[in-house]
């Protein structure tokens, strides 16, 4: 992750990855192409403040499972959140930007996460910190675009024809990508293994 020039474009996909699944892969590959990114980093969270941490699989197991799933060299499974000892996305993003100023970052998330984005700590500050891209998920896309966060940030949404410029836009700036439709869900996968 330390070999970069001032044009290196990185998508950041945060989450518990409990477990990582093909939906994460689909979003990552779509982001690489649609946004013309060089890399996507999966930021495996040691603990999600909006979830019961006691129910999460051990961090090392989630990282190893993610690495076993992903075979694209442009997708990096990262332990940055644990290394930074950050719990909230805003703190992680600030640390990443401070320690890696040569990169251009774009935050990536599924449409289901946009629905509850207003519950995230300092979500408006997150939107002002890095541009972000929302990826469609079956049965969530319409609700996500009607969400409080989407309405609050509607003036900063760019047309998908401009998506390749997102990485260099001053935030807040975001785009909705309707190219993904994998129904995989970590919650559903976990419920089948219980």
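Each reported figure results from applying straightforward, stated rules to the coordinates on display, with no laboratory input. Bear in mind that the values here come from a model prediction, so they are computed numbers and not experimental data.
Name the shape class, rounded, prolate or oblate, that the alpha-carbon gyration tensor gives for the chain, where a ≥ b ≥ c are the square roots of its eigenvalues, rounded holds for a/c under 1.5, and otherwise prolate holds if a/b is larger than b/c and oblate otherwise. Walk me through the numbers before you get to the answer.
Working: a/c = 1.35, a/b = 1.14, b/c = 1.18.
Cα axes put the chain in the rounded bin.
Can you classify the range 46-150 as rounded, prolate or oblate using the Cα gyration tensor, where a ≥ b ≥ c are the square roots of its eigenvalues, rounded means a/c under 1.5, and otherwise it's prolate if a/b beats b/c and oblate if not?
Rounded shape, in that the Cα axes give a/c under 1.5.
So how far, in whole Å, is the C-alpha centre of the range 47-100 from the one of the range 124-151?
Distance between centres, Cα-based: 20 Å.
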